[in-house]
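Here is the structure we will look at, set down as structure tokens.
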Amino acid sequence: MSSSVDRALIVIPAWNEEAALPGVLAEVRAVCASRPELASTDVLVVSDGSRDRTAELARAAGVAVLDLPINLGVGGAMRAGFKYAVRAGYTQVVQLDADGQHDPRAITDLMAAAREHDADLVIGARFAGAGTYEARGPRRAAMRVLAGVLSRVTRTRLTDATSGFKLARGRALPLFATEYPAEYLGDTVEALVLAARAGLTVRQVPVEMRERQGGQPSHGPLKATVFLLRAVLALVVALSRPSQVSTADRGEVATGAAR
């Protein structure tokens, strides 16, 4: 692990990603080696109940691995990653997909935005002027609704409330290590509500989304649309819940981040 004071950890949640993961790890390694600001960055793969060689290939690549015995979903895998990061003393966590859709070269853009805006959470956003990624029909409509509502909740303009490419630091780390939502899309939609209620600063930067580099998506277009529509309902439920982060809890979050 890195001994740098400002220590960054790239967490890659992976479920049966043996086809794409080796290429992703090789690309991450090359990017980190070519950029001085990422030279001390470490990588953690959270194998989320995988039944293929995901964990084995990650270990062979020389990165740290958490091999979960059952599938918890992205939110559960990321909560485990945040716990690992907090216990190991990392100050920044970057969530990166295992399928190759996220370009690791954009990690430095997320870090720069976090420094510039003193942000606790930075989203790598589609539909923000970078790349040609498009979503159509009910899926795009649902994503617009989510982004519009969450822009108001977080008090910043968001174009992509369901992006899994993001950076968390400062007060977000101890909060996410204990409270990160585990439901489907909770790691994106509900996590933003959680961050806003904790008084965290949220920003976004435009990123280019690529095609999956191997394997099969866990949800096809039809299922993804259904889940996004359910996410709109989940957002309504999340907003109607009493805040679980009290003033005292916010103090504990701040204290934990300062340690």
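The values are calculated or read from the model by the stated rules, or taken from the named source; none is laboratory data. Nothing here was measured: the structure is a model prediction, and the numbers come from that model. Quick reminder, even Gly has a Cβ in these numbers, built from the backbone with ideal geometry, and neighbours come from all protein chains shown. The area values use the complete protein model at the heavy-atom level, side chains included, leaving out ligands, DNA and RNA. Shrake-Rupley method; radii C 1.70, N 1.55, O 1.52, S 1.80 Å.
Hey, among Gly100, Gly89, Gly81, which residue is within 18 Å of Ala177 (Cα to Cα) and either crowded, with 18+ Cβ neighbours inside 10 Å or of a type outside the set (Gly, Ala, Ser) (or both)?
Only one candidate passes the filter, namely Gly81.
Condition test on Asp52, is it modelled with pLDDT of 95 or more, open to solvent by 10 Å² or more (accessible area, probe 1.4 Å) and farther than 20 Å from Ala85 by Cβ?
yes
How many of the residues in region 55-72 are in a loop (DSSP other than H, G, I, E, B) and open to solvent by less than 20 Å² (accessible area, probe 1.4 Å)?
Count: 0.
Of everything in region 138-185, what is in a helix (DSSP H, G or I) and either of a type in the set (Asp, Glu) or over 14 Å from Leu235 (Cα atoms) (or both)? Give them in sequence order.
Passing the criteria: Pro138, Arg139, Arg140, Ala141, Ala172, Leu173, Pro174, Leu175, Phe176, Ala177, Thr178, Glu179.
Confirm whether Ala114 is in contact with a Lys or Arg (Cβ under 9 Å, 6 or more places away or on another chain), small (Gly, Ala, Ser) and assigned to a helix (DSSP H, G or I).
yes
I'd like the full set of residues that are open to solvent by 20 Å² or more (accessible area, probe 1.4 Å) and out of contact with any strand residue (DSSP E or B) (no Cβ under 6 Å at 6 or more places or on another chain), limited to region 33-47.
Ala33, Ser34, Arg35, Pro36, Glu37, Ala39, Ser40
Assess whether Gly170 counts as being open to solvent by less than 20 Å² (accessible area, probe 1.4 Å) and modelled with pLDDT of 90 or more.
No, not satisfied.
Within region 65-80, restricting attention to residues that are free of Cβ contacts under 8 Å to residues at least 24 places away in the same chain and among the aliphatic types (A, V, I, L, M), which residue is farthest from Val11 (Cα to Cα)?
Checked region 65-80; the qualifying residue farthest from Val11 (Cα to Cα) is Ile70.
For region 54-63, indicate whether the set of residues that are basic (Lys, Arg) and farther than 17 Å from Leu25 by Cβ is non-empty.
Checked region 54-63: no residue is basic (Lys, Arg) and farther than 17 Å from Leu25 by Cβ.
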